[in-house]
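Okay, so here's the structure we're looking at.
What follows draws every value from the coordinates through simple rules; no lab data is involved. Computed from a predicted structure; not experimentally measured. Heads up, the Cβs are rebuilt from the backbone with ideal geometry, glycines too, and the neighbour counts pull from every protein chain shown.
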Amino acid sequence: MRHFTNVHDLGNLKETLQEAFEIKADRFKYDQLGRNKTLMMIFFNSSLRTRLSTQKAAMNLGMNVMVLDINQGAWKLETERGVVMDGDKPEHLLEAIPVMGCYCDIIGVRSFAQFESKEDDYQEKILNQFIRYSGRPVFSMEAATRHPLQSFADLITIEEYKTKERPKVVLTWAPHPRALPQAVPNSFAEWMNAAGYEFVITHPEGYELAPEFVGNARVEYDQKKAFEGADFIYAKNWSAYADPNYGKVISTDRSWTVDAEKMALTNNARFMHCLPVRRNMIVSDDVIESERSIVIPEAANREISAQVVLKRILESL
Ligand code: CP
């Protein structure tokens with residue numbers, strides 16, 4: 001595998017999960033694979049989990065790691081061609097990318113949707129420029145439309161905690177004060193469809209995700225009905241995808257917050273969220289602190305998903 005941007009890059013999911021569990025059982029088994037190889041992690045946006053888990057995964061494989069926060073200490077980057085660069089951005093991405101590629105063997109990129117142009121966001125303009133111009137294998141650490149390392153960790157976690165072959169998994173929208181990208185719900189939907197679980201998406205009208213990500217999911221506008229019999233509740237906020245509201249907050253309806261009363265409708269479901277989470281907006285304190293909450297093991301599996309991806313890329317060098 002040279003690049004990793006979505007679920008399809010990993011091939012057979014069953015084999016991929018077996019590899020993940022093998023690595024989890026002995027995470028230093030391949031500690032020579034990355035010897036004298038350098039990972040460069042480039043962040044256009046903030047991170048806690050992705051930064052730490054990916055660095056740890058690289059270290060488990062014996063790699064050297066460099067981290068660049070574009071907004072803290074690097075030159076401000078122009079991303080558009082044809083711009084007269086007489087403003088506050090002294091460097092163009094089209095020089096910066098190949099230069100960064102000179103100093104490393106693999107590049108991880110975090111670049112969120114900018115909500116200026118739906119077309120640019122959904123064409124993954126920044127991530128694809130890294131793939132095209134860096135000369136290096138590139139993997140997504142959350143791009144405009146997907147967060148595949150998170151979804152892979154989510155899948156590992158569901159496989160660990162499920163008590164039936166084909167659990168009912170519910171992705172629920174929940175309120176948030178700011179406009180968030182669709183990357184996590186898009187990606188989660190893509191992976192749940194690929195896994196073949198019973199999959200339901202619930203959200204207020206107007207928050208429909210792009211059809212290519214919804215796939216075979218059942219969309220249910222009644223959150224309580226969606227929760228009935230669920231084995232896993234995956235909460236997340238996202239902004240509107242549909243025009244003319246792309247990237248906008250069109251509801252902060254607190255009746256969509258996940259609380260104990262709603263969790264009581266489920267099949268004693270596990271609660272999941274990718275974190276960071278705004279308590280008592282997305283989920284009540286008692287639900288996230290309950291013994292059914294698996295947000296910490298879910299975050300811990302980020303190390304495993306990153307390690308599988310880095311291992312596969314190292315094997316292709
Ligand atoms: N879930 C996740 O990607 O967390 P960070 O934004 O902290 O990396």
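Some values worked out for this structure:
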read-out	value
Cut-off 12 Å between beta-carbons: net charge of the residues surrounding Glu22, Lys and Arg +1, Asp and Glu -1	+1
Positive-end residue, region 50-158 charge dipole about Cα centroid, Cβ charges, pick of Asn64, Leu93, Ile131	Asn64
Which of Asp154, Asp120, Asp222 has the fewest Cβ neighbours within 10 Å, and the rest in rising order	Asp222, Asp120, Asp154
Rounded to the nearest 20 debye, dipole of region 124-268 from Cβ charges on Lys, Arg, Asp, Glu	360 debye
Residues Gln123 and Tyr103, FRET efficiency given R0 of 25 Å [Cβ-Cβ distance, rounded to 0.05]	0.40
Cβ-Cβ FRET estimate between Met66 and Lys164, R0 fixed at 30 Å, reported to 0.05	0.10
Residue exposure sequence - Glu116, Glu91 - by fewest surrounding Cβ within 10 Å	Glu116, Glu91
Extension gain, Ala210 back to Glu15 (0.36 nm per residue minus Cα-Cα distance, nm)	67.4 nm
Percent RCO, i.e. relative contact order, over region 1-131, from Cα pairs under 8 Å lying at least 6 residues apart	25 percent
GNM top mover of Gln123, Gln182, Gln72 - the chain, alpha-carbon springs below 10 Å	Gln72
Given charges at Cβ of Lys, Arg, Asp, Glu: the chain dipole, positive-most of Ala144, Cys274, Ile313	Ile313
The chain, Cα convex hull volume normalised per residue, Å³	129 Å³
Residues with amide H under 5 Å from that of Val258, placed H, sequence gap 5 or more	Val283, Ser284
Share antiparallel - DSSP beta bridges, region 1-121, percent rounded to 5	0 percent
Dipole magnitude (debye, nearest 20) for region 127-183, charges at Cβ of Lys, Arg, Asp, Glu	160 debye
Order by protection proxy (mean Cβ within 10 Å, highest first), peptides 54-64, 30-40	54-64, 30-40
Burial ordering of Trp191, Trp75, fewest other beta-carbon atoms within 10 Å first	Trp75, Trp191
For Glu78, distant residues with modelled amide H under 5 Å away	Glu91, His92, Leu93
Inter-label distance, nm, simple model (7 Å from Cα along the C-beta direction), Ser316/Lys56	2.6 nm
Surrounding net charge for Gln114, when Lys and Arg each add one and Asp and Glu each subtract one, Cβ distance under 12 Å	-4
Choice from Asn237, Asn268, Asn12 showing the highest fluctuation, given a GNM over the chain with Cα pairs closer than 10 Å	Asn12
3J(HN,Hα) from dihedral phi, region 145-158, Karplus parametrisation 6.51/-1.76/1.60, rounded to Hz, x for glycine, proline	10, 8, 10, x, 5, 5, 5, 5, 4, 4, 5, 4, 5, 5
Most fluctuating residue given options Ala195, Ala217, Ala183, as computed from a GNM of the chain linking Cα atoms under 10 Å	Ala195
Dipole magnitude of region 188-245 about its Cα centre (Cβ charges: Lys, Arg +1; Asp, Glu -1), debye to nearest 20	140 debye
³J(HN,Hα) computed for each position of region 201-207 - Karplus, 6.51 cos²θ - 1.76 cosθ + 1.60, integer Hz, glycine/proline x	10, 10, 6, x, 4, x, 9
